[in-house]
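Reviewing the structure listed below.
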Amino acid sequence: MKKDNCYKAVFIRHGQSEWNKTNQFTGWTDVDLTEEGRAEAKKAGAALKQAGYHCDLAFTSYLQRAIKTLHLVLGEMDQLWIPEHKSWKLNERHYGALQGLNKTDTARKYGEEQVKVWRRSYDVAPPPLATDDPRFPGRDLRYAQVPPSVLPAAESLRDTEMRVLPYWQEQVAPWIRQGKQVLIVAHGNSLRALAKHIKQISKEDIVDFEIPTGVPLIFEFTADLTVIRDYYLYQEKTT
Ligand SMILES: O=C(O)[C@@H](CO)OP(=O)(O)O
């Protein structure tokens with residue numbers, strides 16, 4: 001939607017997931033939303049409706065916590081009918097061999113500093129999954145169309161940016177330039193990677209940049225997609 005020469009996009013990190021709640025490294029593990037996560041998604045949709053938002057099309061990942069959040073948001077907005085595009089390129093950052101481990105236990109074992117580097121640094125990837133690990137994405141039917149050589153076994157934020165950014169530039173940005181309002185429901189780190197580019201956050205400052213679950217983050221752009229401002233529709237805690 002183009003209002004007063006202002007081009008807009010809405011980003012939402014999925015609502016609280018089962019593994020957000022149990023504090024486990026999640027990445028590409030396809031965990032469900034919790035009851036609280038579903039409530040967060042509905043609250044986001046109701047707030048967007050209340051604020052008069054209409055979305056022309058929506059984008060999400062291949063992971064159910066994002067897809068279900070999108071549907072709960074659109075349901076509240078009475079806009080379940082809009083076109084939606086799913087891509088593995090919007091998936092969460094792949095957490096490699098850390099997936100499934102408890103974050104507090106891992107910090108006790110390897111130290112807080114090391115875990116902070118794995119979680120928030122720009123260019124350090126966690127230890128990779130072995131390619132014969134049953135959790136390797138090449139063994140999952142949903143990625144059957146993706147060449148195994150491009151499927152990750154672990155990703156740094158930089159690696160995530162390298163897959164998310166071309167998707168943004170080729171599949172999403174052209175719609176915004178045409179004046180369409182887009183809704184992107186994705187993940188803490190795939191959205192951090194995108195925000196790093198859009199807001200031109202340095203690799204030093206991205207370490208402290210967090211996105212809370214289930215709260216609409218609105219971007220307003222000029223016609224050439226320079227950010228005018230960005231803000232949360234309301235304030236909420238970070239999960
Ligand atoms: O576990 C994950 O995949 C992510 C997002 O929940 O966690 P972190 O906060 O470590 O980026």
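The values are calculated or read from the model by the stated rules, or taken from the named source; none is laboratory data. Computed from a prediction, not measured in an experiment: that's the story for all the values here. Methodologically, a virtual Cβ is constructed for each residue, glycine included, from the backbone with ideal geometry; neighbour enumeration extends over all protein chains shown. SASA here: full protein model, heavy atoms, side chains in, ligands and nucleic acids out. Shrake-Rupley method; radii C 1.70, N 1.55, O 1.52, S 1.80 Å.
Laid out as a table, the results:
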{"read-out": "Segment K199-Q114, length gained on full extension (0.36 nm per residue, minus Cα span)", "value": "27.9 nm"}
{"read-out": "Sequence-distant residues sharing a close amide H with Q181 (under 5 Å, placed H)", "value": "D56, L57"}
{"read-out": "Members of K43/K116; K109/K196; K21/K203; K116/K180; K68/K180; K43/K103 lying beyond 26 Å, as alpha-carbon distances in this model show", "value": "K43/K116; K109/K196; K21/K203; K116/K180; K43/K103"}
{"read-out": "Within the chain, helix-based [θ] at 222 nm, where runs of 4 or more DSSP H residues each add -39,500 (n - 2.57), nearest 500", "value": "-9500 deg cm²/dmol"}
{"read-out": "Accessible-area composition of the range 2-232, carbon plus sulfur, in percent [1.4 Å probe]", "value": "49"}
{"read-out": "Karplus-derived HN-Hα couplings along the range 19-33 (A = 6.51, B = -1.76, C = 1.60, θ = phi - 60°), whole Hz, x at Gly and Pro", "value": "8, 5, 5, 8, 6, 9, 4, 10, x, 8, 5, 8, 7, 8, 6"}
{"read-out": "Dipole magnitude of the range 52-170 about its Cα centre (Cβ charges: Lys, Arg +1; Asp, Glu -1), debye to nearest 20", "value": "360"}
{"read-out": "Local electrostatic count at I82 - Lys and Arg +1, Asp and Glu -1, tallied over other residues with Cβ under 14 Å", "value": "-1"}
{"read-out": "Interchain or long-range residues, amide H under 5 Å from H85's placed H", "value": "A58, F59, T60"}
{"read-out": "Positive-end residue, the chain charge dipole about Cα centroid, Cβ charges, pick of L74, Q171, A153", "value": "L74"}
{"read-out": "For the chain: span of alpha carbons on each principal axis (Å, largest first)", "value": "52, 36, 36"}
{"read-out": "For H54, solvent-accessible area (1.4 Å; no DNA, RNA or ligand), Å²", "value": "60"}
{"read-out": "Percentage relative contact order, the chain, counting C-alpha pairs under 8 Å, at least six apart", "value": "31"}
{"read-out": "Accessible area of the chain divided out per residue, in Å², using a probe of 1.4 angstrom", "value": "46"}
